[in-house]
Structures are given as structure tokens and as C-alpha cells.
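Okay, structure first, notes after.
The values are calculated or read from the model by the stated rules, or taken from the named source; none is laboratory data. Just so you know, these numbers come straight off a predicted model, no measurement behind them. Virtual Cβ from ideal backbone geometry, glycine too; neighbours counted across all protein chains shown. In case anyone asks, the SASA skips ligands and DNA or RNA and just uses the protein heavy atoms, side chains included. Shrake-Rupley method; radii C 1.70, N 1.55, O 1.52, S 1.80 Å.
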Amino acid sequence: MRKILSAAALAAAVVAAPAFAQDMSQSTDTPTADAAPGEAAAPDGSKAFGFKPYVGVMGGWESFDRRPGHGIPSVGPNGRKLQGALVQGVVGANVPLGPVFVGAEGNVAKGVDGAIDWEYGAAGRFGFRAGDSGLFYGKVGYQWVNFARFGDNSRDYHAMSYGIGFEAGPKDIGLKGITGNAGFRLRGEVSTFGSARSFRPMLGVISHF
């Protein structure tokens with residue numbers, strides 16, 4: 001399962017890569033579908049400044065390392081590594097600032113197979129806009145995790161989280177702009193819990209408004 005999800009995330013990144021290689025020098029004075037004539041526009045064809053909320057659903061896998069003394073139990077009962085598949089919901093908003101953006105989002109994830117029960121947290125995002133509806137970003141936040149393997153009375157473990165990722169809109173993945181600048185985008189992301197205590201590849205769909 002983990003190999004399949006990792007392969008899917010890698011494939012998505014390869015598909016989206018051409019989007020981020022597109023010309024980032026588009027004039028900010030060029031009229032677009034969202035920007036009125038003479039109004040500044042960003043490389044993705046939308047207004048250079050604004051407020052863009054979004055929601056999304058993602059799936060993936062998280063595996064915690066075996067190092068002792070780093071805050072997370074090194075192994076579960078019977079010596080098995082703490083890992084499992086996740087389904088995650090996210091909600092957030094971006095603030096475009098010309099060719100770059102900042103934003104914040106919250107997440108809740110449920111373990112569907114393996115040692116993880118629930119995860120939840122919040123993070124700030126920052127990055128640049130590329131191509132048609134494309135984003136490339138880094139994120140820093142705080143995350144809590146609860147392990148099903150330790151029973152109903154398991155406590156929440158918590159630490160800083162760090163990640164990188166991309167989003168690619170319809171034109172970026174060759175679908176000829178079916179939904180334009182708003183609508184659905186593919187997101188791929190890799191993050192970690194604490195000081196590289198876990199590996200967490202995720203892939204999903206984000207709907208921008």
C-alpha cells in the first residue's frame with residue numbers, strides 16, 4: 001500500500017512538473033478572464049491580489065521512525081512500526097500577492113488502515129504561483145497524532161510539522177482549462193512530524209473558490 005501511494009505521488013509530481021516550468025514572466029498588465037483590462041494579474045491568470053478560500057480531500061500514508069527518545073514511541077505492541085493509511089480533509093485560504101502567495105489551513109485526518117487513529121493540526125503556507133492555476137509551496141505548522149494501537153486511552157502526541165507540495169489546475173495537467181482559474185486542482189504533498197520523525201506522502205483534490 002505504501003509503495004503504491006508513494007508511486008502515485010511521484011507520478012503526479014512528474015505530470016505537474018511542466019506546469020512549473022512555464023514562463024513566469026507573463027506581463028502583469030495583460031488582461032485575463034479574472035482581471036479587467038489594465039488591471040494587474042498574476043502568472044496563473046487571476047487577479048494579483050485577493051482572498052481565495054478552498055477545501056479538499058487527500059489520501060496517503062504516514063510512517064514514524066524507530067528512533068528512541070524522540071517523543072513518539074519507537075514501536076507498538078509486538079515490535080511493529082507505527083504507520084498507516086490516512087484520509088484527510090483540509091480547509092484554508094490563500095492570499096495572493098502578485099506572483100507569490102501566503103495562506104493558512106487546518107486539517108483533520110482519520111487512519112483507515114494501520115496504527116494511526118486520528119490526526120489534526122494547522123499550518124501556514126507560502127510559495128509562488130506558476131502556469132495556469134499552479135502553486136508550489138512550503139508549509140510549517142503544528143500537528144497532533146493519536147495512535148489506535150495504544151487503545152482508547154492513548155494520549156495525543158504533538159510537534160511541529162514541515163512540508164512541501166504543489167497544486168496543478170486543469171490547464172496545467174492538459175485538460176484544456178475545463179474549470180478555469182477556480183475549481184478543482186490536483187495536490188501532492190510530502191510532510192514530516194517533528195524533526196523528521198515521520199514520512200507522510202499525500203495526494204488529493206483541492207477545490208478553490
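If you take the residues of segment 82-117 that are of a type in the set (S, T, N, Q) and closer than 20 Å to residue 194 by Cα, which of them is surrounded by the fewest Cβ atoms within 10 Å (Cβ to Cβ)?
Ranking the candidates gives 88 first.
For segment 148-156, indicate whether the set of residues that are open to solvent by less than 30 Å² (accessible area, probe 1.4 Å), of a type in the set (S, T, N, Q) and within 18 Å of the chain's Cα centre (by Cα) is non-empty.
No, because not a single residue in segment 148-156 is open to solvent by less than 30 Å² (accessible area, probe 1.4 Å), of a type in the set (S, T, N, Q) and within 18 Å of the chain's Cα centre (by Cα).
Mind checking which residues of segment 166-182 are out of contact with any Phe, Trp or Tyr (no Cβ under 6 Å at 6 or more places or on another chain) and at pLDDT 75 or above?
167, 168, 169, 170, 171
Can you name the residue in segment 118-145 that is open to solvent by less than 20 Å² (accessible area, probe 1.4 Å) and at pLDDT below 95 and, of all such residues, is farthest from residue 175 (Cα to Cα)?
Only one residue fits best here, namely 145.
Could you check segment 142-157 and list, in sequence order, the residues that are in contact (Cβ under 8 Å) with a residue 24 or more places away in the chain and either in contact with a Cys (Cβ under 9 Å, 6 or more places away or on another chain) or of a type outside the set (A, V, I, L, M) (or both)?
Listed by number, the residues that qualify are 143, 144, 146, 147, 149, 150, 154, 157.
So which residues in segment 90-113 are modelled with pLDDT under 95 and under 14 Å from residue 51 (Cβ atoms)?
Selection gives 94, 95, 96, 97, 101.
Name the one entry in 207, 133, 195 that is over 21 Å from residue 60 (Cα atoms) and in contact (Cβ under 8 Å) with a residue 60 or more places away in the chain.
133 is the lone residue from the list that is over 21 Å from residue 60 (Cα atoms) and in contact (Cβ under 8 Å) with a residue 60 or more places away in the chain.
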